[in-house]
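In what follows, a structure is listed as C-alpha cells, so that the remarks can point back to it.
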Amino acid sequence: MKKVYLCGPINGRTDADCRNWRSQAKALLAPLETLDPMARDYRGRETESGVPKIIVEQDKADIDDCDALLVLFDRPSVGAAMEIMYARTPLFTRDGFSPKRLPVFVVDMSGRPLSPWLSYHATAVFPSLDAACSAVLSNYGPRCFSCDGRYCEGAAFGCYLKAKGVL
C-alpha cells in the first residue's frame, strides 16, 4: 500500500492548527496509509536534551518510508521546509546512491505568492486540500482492473463502478 507523509507546521501551532487538516486529509486519502508526525507530539519539549534529534530522525524515517508528501502551507514553517528539502534530495545510503526523490503535493492556503523555493520543489500546487488529495489519489490510489487500471474509489473493496451498476 502506498504511504503519504502529512507535512505541515507543528512548532508554535495550536492543536486545531496541527490536527484538523491532518484528520481531514486522512479521511480524503482513506485508501492510502498516511504517516502523521503528530502521532508523536513533542510540542513543549523541543528544547529538552535529545528531543530535537528524536523528532528529526523519526520524521526523516517516516519520509524515507513514504511514497509522497502532502504539504499544508499557510505561512512559513522551518520544519516543513526542511522536510520538503529532505524529500526532494537524493540520498547516499549504506547500499550506495538512492535517487529517490519524492513527489511533493502542496496545498497553498497562504493567500500570497509562494516562495520561489517552495514553487521549485513542489511537484504540484493546489488551492484546496480536496484538490490536492484528489491528485494524490489519482497518482497513488488503488487501481481497478475493471476500470481499465484507473483509480477507482472502490478498488480496495471491490469495484465502485460495478457496485453502482455502471459496468
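Read-outs: derived from the displayed coordinates by stated rules, not from any lab. All figures in this text were calculated on a predicted structure; none of them were measured in a lab. When we count neighbours, we look across all protein chains shown, and the Cβ atoms used for this are built from the backbone with ideal geometry, even at glycine.
Quick notes on this one:
- Some residue of the range 42-51 being more than 18 Å from Asp17 (Cβ to Cβ) and in a helix (DSSP H, G or I): yes
- Residue match in the range 59-77 (condition: of a type outside the set (Gly, Ala, Ser), farther than 26 Å from Ser128 by Cβ and touching a Cys at 6+ places or on another chain (Cβ under 9 Å)): no
- Val51, sole failed condition from (1) closer than 19 Å to Leu6 by Cβ; (2) out of contact with any strand residue (DSSP E or B) (no Cβ under 7 Å at 6 or more places or on another chain): (1)
- Filter result (loosely packed, with under 14 Cβ neighbours inside 10 Å and under 28 Å from Gly141 (Cβ atoms)) within the range 31-57: Ala39, Arg40
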